[in-house]
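The values are calculated or read from the model by the stated rules, or taken from the named source; none is laboratory data. Keep in mind that this is a model prediction, so the values were computed, not measured. Cβ placement follows ideal geometry from the backbone for every residue including glycine, while neighbour counts extend to all protein chains displayed.
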Amino acid sequence: MTAETDTTTLRNFIDGAWIDSRDDTLLQVVNPATEETIARFPRGSGADVDHAVAAARRAQPEWHALSVDDRVALIVGWADRIEARTDELAELECREMGKPVDVGRGFIAAGVAGLRASAQEAANYAFESSSDDPDGGRTQILRHPVGVAAVITPWNFPVTMVLAALGPLLASGNTVVIKPSERSPLSTVKLFELLDLPAGVLNLVLGDVHAGQPLAAHNDIDLVHFTGSVAAGRKVGAASGLALHRSTLELGGKDPVIVDDDVDIPSVAEAVAFGSFVNTGQICTSMERIYVHEAIAAEFVDELVKAAEAYAFGDGLEPGVMMGPLVDDRQRDIVRSQVADAVSQGATVRIGGEIPDHTGYFYPATVITGVEDSMSLMTEETFGPVAPIAVVSTFAEGVERASRSAFGLAATVYSHNADHLEQAKHIPAGVIWINQWQGDGGVRTYEPARASGMGATGTTASFDAATRPSTIRIAPESS
Ligand code: NAD
């Protein structure tokens, strides 16, 4: 493969070759820490999508004809090459979307581990099963690959999101056209430079909505795996409905945290700071609504402010930087306006909230108290390093308010009271973390609740989503 990322203009990878887009319009990748343009790439077109889908369609029967072991071996080989280039990928992610290199390394390692885990899962998944029926006949269930899959990803975990979607799809025998985010194409291009799969099995179309929309609506794809905002997810879901293909939608969140009165305050404040500020708060499961029991609220806020103070922000290429910039000025405007709206309605900024007067889309770790559930800071996804704190008089009130949201991605609870933990299990969310945040090594099966998405994923559910079952019923006399 060529060193595509050494050139300033990125290209598509279709049918095993790097090729130019059929549309001349170029977009820019801007380093959010320096505001400099670091690469250009095509905005994409329906013609690029047609080309890539046709290549994936041609390649699919042969890819499926390989044994599961052969497919898994090829995927694991790719995982090995990606792992060997972790530093380079983390640096590319830092330049294209701001994540500090040290933070990025950990998430890329998790993505590679996930790719390996899904390859392992494929080796154990029941692509064929059968049972003897009471009448002497037999019933066989075959799980076929769905066919050609479209994968559309966001920018906040460029490498990890791509790898998480691809493992089960490829291992099941599907071929794929992937369209990464227009804000972070560099690291995905690097992943393709490390690829060694048969031509057409995995194809890359770069671009923004000009590529995403025709891909999601394409009549010759069978499935779309979309990760992104609720607004775009609704459009993708509608397009899938019209085309009658399957869609898995992993969308935004407004995740609550409940902090009970019996916790170790400094360590939970430290954990909440991490859950609110890591990746500059740009995680779908970031902690965005924090309900704290009144008995410990004052001390908890003091500890959280202390933790926020220590959250050094800057260019993530520099050592010691814990938080990079926001991805762009548009994202910073969303954060700024939600904070301004909360303050105008009586909330108090305890630390942060001021945009620094220098280059880069930076925003400091911010703690806000006195928020109401009706404020935009508590109802809309923020995607920034802001921890809004509401005080509750009972744990039950925390559960009730945490459950009142248009979103339902994940929730986190800190408590040592067994009854309280039982109550918290019923918060409508795809994942509930108890006395930890994220620390499950990615082993989770869930379907987001409410507007946070649809379609179950994780472990065997991802293989169910990547395959189509058919039943073969064999009459008694012929078995
Ligand atoms: P986005 O919706 O703007 O874009 C996501 C992708 O969709 C991009 O590749 C974009 O080009 C493409 N796209 C946009 N409009 C489209 C359309 N009409 N048809 C087809 N494709 C289209 O989201 P973003 O700003 O890149 O990412 C941030 C969002 O993603 C946040 O809301 C975050 O919570 C969410 N997210 C969710 C998860 C999850 O697992 N639930 C994980 C990461 C991010």
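Descriptive notes on the structure:
- Matching entry among Pro469, Pro448, Pro428 (being modelled with pLDDT of 95 or more, more than 14 Å from Ala164 (Cβ to Cβ), of a type outside the set (Gly, Ala, Ser) and within 11 Å of the ligand (Cβ to nearest atom)): Pro448
- Test result for Ser187, more than 10 Å from the ligand (Cβ to nearest atom), hydroxyl-bearing (Ser, Thr, Tyr) and closer than 18 Å to Thr9 by Cα: yes
- Pairing residues of the range 327-341 that are farther than 15 Å from Asn31 by Cβ with residues that are away from the ligand (no atom under 13 Å from the Cβ) and among the small types (Gly, Ala, Ser), at Cβ distances under 7 Å and at least 6 apart in sequence or on separate chains, gives Gln338/Ser376; Val339/Gly353; Asp341/Ser376.
- Among the residues of the range 158-178, just one is within 14 Å of the ligand (Cβ to nearest atom) and in contact with a Phe, Trp or Tyr (Cβ under 6 Å, 6 or more places away or on another chain), namely Thr160.
- Residues of the range 204-251 that turn out to be surrounded by 22 or more Cβ atoms within 10 Å (Cβ to Cβ) and away from the ligand (no atom under 11 Å from the Cβ), as a count: 4
- Tabulated pairs, the range 194-213, first farther than 20 Å from Arg81 by Cβ, second away from the ligand (no atom under 16 Å from the Cβ), C-beta under 8 angstrom, 6+ apart or interchain: Val205/Ile14; Leu206/Arg11
- Scanning the range 256-291 for residues that are touching a strand residue (DSSP E or B) at 6+ places or on another chain (Cβ under 7 Å) and assigned to a loop (DSSP other than H, G, I, E, B), we see that the one that is farthest from the ligand (Cβ to nearest atom) is Asp261.
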